1. If we only count helices (runs of 4 or more DSSP H) wholly inside the range 177-287, which ones have 1 or more residues that are at pLDDT 90 or above, surrounded by fewer than 17 Cβ atoms within 10 Å (Cβ to Cβ) and touching a helix residue (DSSP H, G or I) at 6+ places or on another chain (Cβ under 7 Å)?
2. Tell me, which residue of the range 11-30 that is in contact with a helix residue (DSSP H, G or I) (Cβ under 6 Å, 6 or more places away or on another chain) and not β-branched (Val, Ile, Thr) is farthest from residue 88 (Cα to Cα)?
3. How many of the residues making up the range 359-386 are of a type in the set (Phe, Trp, Tyr) and within 17 Å of residue 146 (Cα to Cα)?
4. Would it be correct to say that residue 293 is of a type in the set (A, V, I, L, M, F, W, C) and within 23 Å of residue 55 (Cβ to Cβ)?
5. Collect the residues in the range 1-13 that are out of contact with any Lys or Arg (no Cβ under 9 Å at 6 or more places or on another chain) and either of a type outside the set (A, V, I, L, M) or closer than 12 Å to residue 172 by Cα (or both), keeping them in residue-number order.
6. Looking at the range 339-398, which of its residues are β-branched (Val, Ile, Thr) and in contact with a helix residue (DSSP H, G or I) (Cβ under 9 Å, 6 or more places away or on another chain)?
7. Would you tally the residues in the range 339-368 being under 18 Å from residue 296 (Cβ atoms) and not in a loop (DSSP other than H, G, I, E, B)?
Amino acid sequence: MKKNFMFTSESVTEGHPDKLCDQISDAIIDQFLRRDPFARAIAECAVSTGIVFISARFESDAIVDFTKIARQAIKQAGYEEPDFNAKTCSIITSLKELPPNKQRYVDEKQLSEAEIEQIPVQDQVTVFGFACNQTAALMPLPIWLAHQLAKRLTVLRLEKIVPYLAPDGKIQVGVEYCDRQPSRIHSITILASLDKLAASDAPDCKQLQKEIRETAIDFVFQNRSIKPDEKTRILIDFDDPFAIGGPAVHSGLTGRKNAIDTYGEYARHSGAALSGKDPTRIDRVGAYAARYAAKNIVAAGLADECEVQLSYSIGFSRPVSIQVETFGTGKISDEEITRLLEKYFDFRLAGIIRQFNLRYLPAIVKGGFYRKLAVYGHVGRIDIPLVPWEETDKVPLLQELAFNSLKS
């Protein structure tokens with residue numbers, strides 16, 4: 001295991017075409033579950049110049065206006081360019097009702113443990129959860145910083161602090177590690193698109209770079225212990241062909257930014273899309289359960305880094321394999337941590353839905369729940385209320401069990 005290295009992670013703004021697709025897909029899921037908590041739905045989206053394609057498969061009593069949801073998401077993302085905007089873009093849908101499922105109206109909150117045991121997963125997947133002590137959110141520093149800079153670009157645009165910015169943007173942050181801990185900022189790359197109309201009144205490139213550095217980079221790093229230094233490579237670019245950005249320049253697709261949705265490639269992810277799926281899809285909610293387990297392990301002080309791997313097979317309610325890797329940072333063995341997870345964490349599909357209240361969160365959280373996860377990461381989201389897999393409520397139990405284990 002390398003101890004000294006440099007690692008980079010990327011994030012994108014809300015207007016990036018892939019993230020726009022994720023937001024449309026999850027806004028559809030929110031609408032289904034808000035009106036029918038027992039809906040089954042899968043929604044995927046693709047965007048290009050002047051066109052949006054939505055494919056959805058569902059079983060629900062709810063009536064959902066797919067076109068209206070898509071136009072609202074496009075408008076809120078800030079697209080008003082002639083080549084792509086909420087009013088004039090063409091929206092094509094391919095919709096199909098799923099065959100009836102006898103378990104659709106099962107409320108996990110009303111089930112006994114024996115009944116939960118009888119509900120198998122309907123997909124096969126290996127999912128990963130990760131946590132480390134590099135940030136307060138227990139996320140790797142490169143992806144955490146990239147998300148903060150991406151959020152800041154959006155704030156600069158919406159609040160007209162830098163009025164020339166368009167919705168699309170990409171950020172990459174490189175961090176140097178010493179003994180597997182962040183030691184300095186190696187590089188920051190910001191690729192921002194410019195509003196076509198406002199750009200004609202924008203200052204020259206050097207002045208724009210200065211504004212972005214002062215209002216975005218300096219702002220994000222002002223209270224951080226590790227900051228850019230004189231050797232940090234900083235690139236702020238507005239050059240073509242990305243200058244306009246958005247679907248008019250590059251197409252988008254739901255689920256294409258898995259690394260941004262999870263750990264910025266610092267840890268493994270399943271490769272399965274997280275957005276656009278209802279809570280009965282284990283490839284989505286299993287990833288949340290794995291993050292919950294890893295975060296509680298690190299928060300309890302049992303390891304500085306922890307990756308939890310869950311493997312599911314069709315027809316089984318529980319993972320067929322649970323594996324833990326602490327990269328040599330564990331205070332107890334990885335095997336002992338695995339035993340704790342097997343005994344005190346519920347990784348069954350129905351158990352996850354019940355514990356995290358996943359059917360009802362879209363109706364509880366104002367503005368929808370899943371759509372908020374569709375940009376700036378599905379994990380590490382301490383900025384969103386009621387994200388259950390970010391809770392660390394298992395810490396007292398884990399600390400007590402680990403202490404007893406060490407005593408014996």
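The values are calculated or read from the model by the stated rules, or taken from the named source; none is laboratory data. Here the structure is a predicted model, which means the values were calculated and not measured. Cβ placement follows ideal geometry from the backbone for every residue including glycine, while neighbour counts extend to all protein chains displayed. Note: areas computed on protein heavy atoms with side chains; ligands, DNA, RNA excluded. Shrake-Rupley method; radii C 1.70, N 1.55, O 1.52, S 1.80 Å.
1. In the range 177-287, the matching helices (runs of 4 or more DSSP H) lie at 218-221.
2. The qualifying residue farthest from residue 88 (Cα to Cα) is 11.
3. Residues flagged as of a type in the set (Phe, Trp, Tyr) and within 17 Å of residue 146 (Cα to Cα) within the range 359-386 amount to 1.
4. Values: of a type in the set (A, V, I, L, M, F, W, C): yes; within 23 Å of residue 55 (Cβ to Cβ): no.
Criteria not met by residue 293.
5. 7, 8, 9
6. To start, the set of residues in the range 339-398 that are β-branched (Val, Ile, Thr) comprises 352-353, 364-365, 375, 379, 382, 384, 387, 392, 395.
Across the range 339-398, the qualifying residues are 352, 353, 365, 375, 379, 382, 384, 387, 392, 395.
7. Total meeting the criteria: 11.
For (1) touching a residue at least 24 places away in the same chain (Cβ under 8 Å); (2) among the acidic types (Asp, Glu), each residue gets a yes or a no:
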position: 261; (1), (2): yes, yes
position: 293; (1), (2): yes, no
position: 296; (1), (2): yes, no
position: 309; (1), (2): yes, no
position: 314; (1), (2): yes, no
position: 325; (1), (2): no, yes
position: 334; (1), (2): no, yes
position: 338; (1), (2): no, no
